[in-house]
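The values are calculated or read from the model by the stated rules, or taken from the named source; none is laboratory data. It should be emphasised that the depicted structure is a prediction, and the values quoted were computed from it without experimental measurement. As a convention, Cβ positions derive from the backbone with ideal geometry for all residues, glycine included, and neighbour counts pool all protein chains shown.
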Amino acid sequence: MSGVVSSRKRVAALVSSQRLAIVPRHDRGRRITVRSSAVHVNLGTSQVLLDGCELPRPAPAAYFVFQKPVGCITTRGTDQSKRHTRPSVMDVLRCDERNAPLLEADAKPVGRLDCDSEGLLFFSNDGDFTKAVLRPEFRVPKTYLVVVSGRRLPKFIDRIAEADLLRLRQGVRLGNSKDIGKAEEADIVKTHEVLKFKDWGWNAGKEECLSMTLCEGKFREVRRMIKEIGLRVVRLRRVAIGGVEDPLLPFGLCRQLSEEEQRGLLQTIGGRLSHDEIRSMHWR
């Protein structure tokens, strides 16, 4: 029902006040009062009424992947709270007419990448899709390339030891918080392994590159984990989300997810969803 009304909280309020009703299109004289926000409505065969008036149908579900450049923030508006105004991802999207389908679908960012990070970011107008990608219990893997440098000796890298990689895999406490950052995978990357990322490189004498895969999304988690092993992040790029990758997608441009990619994502999380949750999702 939340696909018809703006939010689940709003739906619950309308249901409790009995302001919502369903009218089957084959039986216009029958009106069924909605008494649970968990009701599934087939908009092809039924109308949804609010205070007796038909609600407009929601826009078709749309799913996009965007290659975020460095220097913009993941928000729908422009950040004017800092001394220097920073553009948002929406500002970047509006700069190229090829992004028009995303803008017309009123798709929103699924998760975040901080201003200094780059790489893949999903956009969608489907709340179920957003929930499935972001909720930690669904464990959708996200893979990052991270160029790191020594923190104490910035001119010469403190070489990453296997013990450092093991700490990242086992989990490290993030600063003074109780949060634990854990990588499902953490490995040193060789130059020949990232040739498909044509604009990706690092100073081999001063820096090293890691590949890290995480299944949660704590605030600046990768950067905080790297700091805990005594190094600093020089460059950070998300290169895959749940098996979706596109090294050739130019920065500042988006494309729609293919049906195969959508099926792959559903397969990734399907074992962690109930039958009712899977049945209710638009993107199956």
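Kindly establish whether Gly252 is at pLDDT below 90 and in a loop (DSSP other than H, G, I, E, B).
no
If a residue must be touching a residue at least 60 places away in the same chain (Cβ under 8 Å) and among the acidic types (Asp, Glu), how many such residues does the range 177-227 contain?
Result for the range 177-227: 3.
Looking at Gln47 and the list (1) part of a loop (DSSP other than H, G, I, E, B); (2) among the polar types (S, T, N, Q); (3) not assigned by the TED database to the domain that holds Glu260, which single condition is not satisfied?
Here Gln47 meets the rest and fails (1).
Quickly run through the range 179-198 and pick out the residues that are surrounded by 14 or more Cβ atoms within 10 Å (Cβ to Cβ) and in a helix (DSSP H, G or I).
Val194
From (1) within 23 Å of Gly111 (Cβ to Cβ); (2) surrounded by 17 or more Cβ atoms within 10 Å (Cβ to Cβ); (3) out of contact with any strand residue (DSSP E or B) (no Cβ under 7 Å at 6 or more places or on another chain), pick out the condition that doesn't hold for Arg139.
Looking at each condition in turn, Arg139 falls short on (2).
Within the set of pairs 6 or more residues apart or between chains, which connect a residue that is touching a residue at least 60 places away in the same chain (Cβ under 8 Å) inside the range 98-114 to a residue that is of a type in the set (Lys, Arg) with Cβ atoms less than 7 Å apart?
Pairs that qualify, where the first residue is touching a residue at least 60 places away in the same chain (Cβ under 8 Å) and the partner is of a type in the set (Lys, Arg), are Leu113/Lys68; Leu113/Arg238; Asp114/Arg220.
Can you work out which of the residues in the range 31-40 that are in contact with a strand residue (DSSP E or B) (Cβ under 6 Å, 6 or more places away or on another chain) and not in a strand (DSSP E or B) is surrounded by the fewest Cβ atoms within 10 Å (Cβ to Cβ)?
The selected residue is Arg31.
Filter the range 110-136 for residues that are closer than 21 Å to Ile269 by Cβ and surrounded by fewer than 20 Cβ atoms within 10 Å (Cβ to Cβ) and give the result.
Gly111, Arg112, Gly127, Asp128, Thr130, Lys131, Leu134, Arg135, Pro136
Say whether the condition of being in contact with a Cys (Cβ under 6 Å, 6 or more places away or on another chain) and either of a type outside the set (A, V, I, L, M) or surrounded by 15 or more Cβ atoms within 10 Å (Cβ to Cβ) (or both) is met by at least one residue in the range 45-61. Show your work before the answer.
Filtering the range 45-61 down to residues in contact with a Cys (Cβ under 6 Å, 6 or more places away or on another chain) leaves none.
Scanning the range 45-61 turns up no residue that is in contact with a Cys (Cβ under 6 Å, 6 or more places away or on another chain) and either of a type outside the set (A, V, I, L, M) or surrounded by 15 or more Cβ atoms within 10 Å (Cβ to Cβ) (or both).
Mind counting the residues in the range 211-244 that are closer than 30 Å to Arg263 by Cβ, of a type outside the set (Lys, Arg) and either out of contact with any Phe, Trp or Tyr (no Cβ under 7 Å at 6 or more places or on another chain) or in a strand (DSSP E or B) (or both)?
15
Would you check if Asp96 is buried (at least 18 other Cβ atoms within 10 Å of the Cβ), closer than 24 Å to Val65 by Cβ and among the acidic types (Asp, Glu)?
no
Look through Ser46, Ser2 and report the one residue that is hydroxyl-bearing (Ser, Thr, Tyr), closer than 17 Å to Gly127 by Cβ and modelled with pLDDT under 90.
Unique residue meeting the criteria: Ser2.
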